[in-house]
Amino acid sequence: LLLGGSVLLVQVRRNSLEAVRKTTFVSNVSHELKTPLTTIRMYGEMLGDGLVKNEGKRKGYLATIIAESQRLTRLVNNVLDFGRLERGEKTYDLRETTVGSAAEEVLEMQRLRLEDAGLEVDWEDDSAGASAKLDPDSLEQVLLNLLDNLVKYAAEGEYVRMGVSADAADVCLEVADRGPGIPPDHRERIFETFHRVDESLTANKPGCGIGLGIARKLVEDMGGRIICEANRPRGAKFRITFPRSH
Ligand code: ADP
């Protein structure tokens, strides 16, 4: 009876912890959805009311509306994938992909946004066209999550470097910044769902702690590995490795 009771107690505790995590998650996601929506609505209404006479300003507002919609799309894609991964329903369209070209395409699409955030963008491809079997859309999502984090947490470093290299066995992709970096004891834990580093870094930053968890799951499902290291002289470096196709 005692044993049964304590098992039940542990179960109840686990369930209530789970419930708290779920509620926090839902409220964080809602908050994250609300911020871009508010901006889109406000700028949209101002443009609609004809209140903005200056052509340059109008273009700026439109650009913000587009950028915020894209942010919403990334967020919704992440949440959808989070659900699919949790239920084991995520599917991949695996095909031979030139990793360098796929990564460069993502970086070029994001270049303006990164530069607007004050980041100098550096691209290096030493992979000589090496390819790996992966799902390009999932690779894009992984990189977008890393770049989103960079803008959120490491923009003060004013620098991002994406590089691709290859040896006989692997193709390796690196994303490095010169921001505050990630303390050694958090470098594995940041890949856990809902784990965020300390309050001072994340308190005023939107986020629900699922980005890197999704990134790791996607990479591993495609047969790769993702780790976080220190960047020299400062900052964080994320390294993704896929077995190279021959
Ligand atoms: P979220 O950004 O929603 O909090 P993530 O899973 O994407 O969730 O990231 C987990 C945590 O890792 C972040 O909360 C942040 O503390 C830390 N982090 C991620 N990328 C960086 C980076 N480039 N520099 C510093 N800290 C980072």
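The values are calculated or read from the model by the stated rules, or taken from the named source; none is laboratory data. A quick note: this is a predicted structure, and the numbers were derived from the prediction, not measured. When we count neighbours, we look across all protein chains shown, and the Cβ atoms used for this are built from the backbone with ideal geometry, even at glycine. Keep in mind that these areas ignore ligands, DNA and RNA; they rest on the heavy atoms of the full protein, side chains included. Shrake-Rupley method; radii C 1.70, N 1.55, O 1.52, S 1.80 Å.
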- Task: For residues that are open to solvent by 30 Å² or more (accessible area, probe 1.4 Å) and assigned to a loop (DSSP other than H, G, I, E, B), tally how many sit in segment 198-237.
- Result: 9
- Item | In segment 18-35, the residues that are open to solvent by less than 100 Å² (accessible area, probe 1.4 Å) and free of Cβ contacts under 8 Å to residues at least 40 places away in the same chain | GLU18, ALA19, VAL20, THR23, VAL26, SER27, SER30
- Message: So for segment 179-192 (the condition being open to solvent by less than 10 Å² (accessible area, probe 1.4 Å), near the ligand (Cβ under 8 Å from one of its atoms) and in contact (Cβ under 8 Å) with a residue 40 or more places away in the chain), does at least one residue qualify?
- Response: yes
- Being near the ligand (Cβ under 9 Å from one of its atoms) and over 12 Å from the mean Cα position of the chain (by Cα) narrows it down to one of GLY157, GLY213, GLY224, so name that one. GLY157
